């Protein structure tokens, strides 16, 4: 178990989605933000639809282009059932949001994720905008639990 950050120094957390962005735009946004690592929270990080953001290539691109590390944290992804109910079956966002936040609470991510890993990190998923995306939900959840998180969405 990881203890929560006791300092009041702000913990900077970024989020980004790769859809709707060229590789140049995506990597430039990351580099310009000064992030230390990309935290991949996708359920399917090696999907053929991921293009330049496919997990098997992303670590190399991030190291070479951004000088950033890569980590995949599947505990911050939805379950396959939850993902399918929203994405494939067209379930309502409000239901997905409620169930996803319950999942994060059940997983107790605020106690299991090292704040040092999140600090200066960027949550990655596919959605272009954060409005209907689980990366925003994770960021807001951690902000509420840790009280010192500053979130910036790279859109």
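Every number in this text was worked out from the coordinates using simple rules, so none of it is lab data. Fair warning: this is a prediction, and the values are worked out from it, not measured in the lab. Here Cβ is always computed from backbone atoms with ideal geometry, including for glycine, and neighbour counts include all displayed protein chains.
Contact order for the chain, expressed relative to its length and based on alpha carbon pairs under 8 Å spaced 6+ residues apart, stands at 46 percent.
Cβ crowding within 10 Å, taken as a proxy for footprinting-reagent exposure, orders 98, 104 from fewest neighbours to most as 98, 104.
Here the Debye sum runs over all C-alpha atoms of the stretch 85-155 as equal scatterers in vacuum, and log10 of I(q)/I(0) at q = 0.20, 0.27 Å⁻¹ comes out as -0.91, -1.39. If the Kirkwood radius is taken over C-alpha pairs of the chain, then at 10 °C and 1.306 mPa s the Stokes-Einstein diffusion coefficient equals 101 µm²/s. Result for the chain in a Gaussian network model with C-alpha springs under 10 Å: among 37, 108, 135, the largest mean-square fluctuation is at 108. Counted by neighbouring Cβ atoms within 10 Å, the residues 134, 44 run from fewest to most as 44, 134.
Ranked for footprinting exposure by Cβ neighbours inside 10 Å, fewest first, 146, 93 give 93, 146.
GNM on the chain, C-alpha springs below 10 Å: top fluctuator among 36, 112, 143? Sorting by GNM fluctuation, first place goes to 112.
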